[in-house]
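Visitor: I have a structure here, written as structure tokens, and I will follow up with some questions on it.
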Amino acid sequence: MKAKGLSLLSGGLDSQLAVKVLQDAGAYVEGVCFETPFFAVGAAKRAAEALGVKLHIVDFTDDECRLIENPPHGFGGAMNPCIDCHAAMIARAGELMMRLGYDFVATGEVQGQRPMSQNKQALGVVEKTSGLAGRLIRPMSAKLLEPTIPELEGKIDRDKLLDISGRSR
């Protein structure tokens, strides 16, 4: 049985590579991007078209405003979404995943690429806070992380996921 999932798709390199890796691992993937006054969706639309995937656009403005007012885990640097923003986006994608009856949510995060928001501890906090423990796949670094439920169920070929860490991709 083929896994079905949503992958956060910003239009950046990592999010596009994550979709391709998941497709190569046997999954059906649709993209999800978040629109706010701070996050434009043009790059995500172009990426979805190039990848041939359906794109879900979610208005994230109210969520982001609440997080800016009171971020439980503090702010990120250099305009990177903070830990709380990541968790909130993933949780919102998880709601869509449940409505669609899909198996997972994925991101293009690379363990160690961002020292504050993509270290192993921060990735764990995001997974726990989002409520998607076992259903959150990071295909770029999956082999460095615990197997997810879709992998354990044989719906995604773990051997085709990657083990990239740091900024060396």
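Visitor: Tally Lys/Arg at +1 and Asp/Glu at -1 over every other residue whose Cβ is under 13 Å from the Cβ of G11; what's the total?
Guide: Cβ neighbours under 13 Å give a net charge of -1.
Visitor: Please enumerate, by chain and number, the aspartates and glutamates with C-alpha under 14 Å from the C-alpha of K155, excluding those fewer than 8 residues away in the same chain.
Guide: Partners within reach: D24, D103.
Visitor: From the cross-link list K4/K160; K20/K54; K20/K160; K2/K160; K45/K143; K20/K45, which pairs have alpha carbons spaced over 20 Å apart?
Guide: Over 20 Å Cα-Cα: K45/K143.
Visitor: Also, I was wondering about something else. Using 0.36 nm per residue of separation minus the Cα-Cα distance, give me the extension gain between A133 and A91 in nm, one decimal.
Guide: Fully extending the segment from A133 to A91 adds 14.1 nm.
None of the figures in this text is laboratory data; all of them are computed from the coordinates on show. In this text, all values refer to a predicted model and were calculated from it rather than measured experimentally. Please note: Cβ atoms are built from the backbone with ideal geometry, for glycine as well, and neighbour counts cover all protein chains shown.
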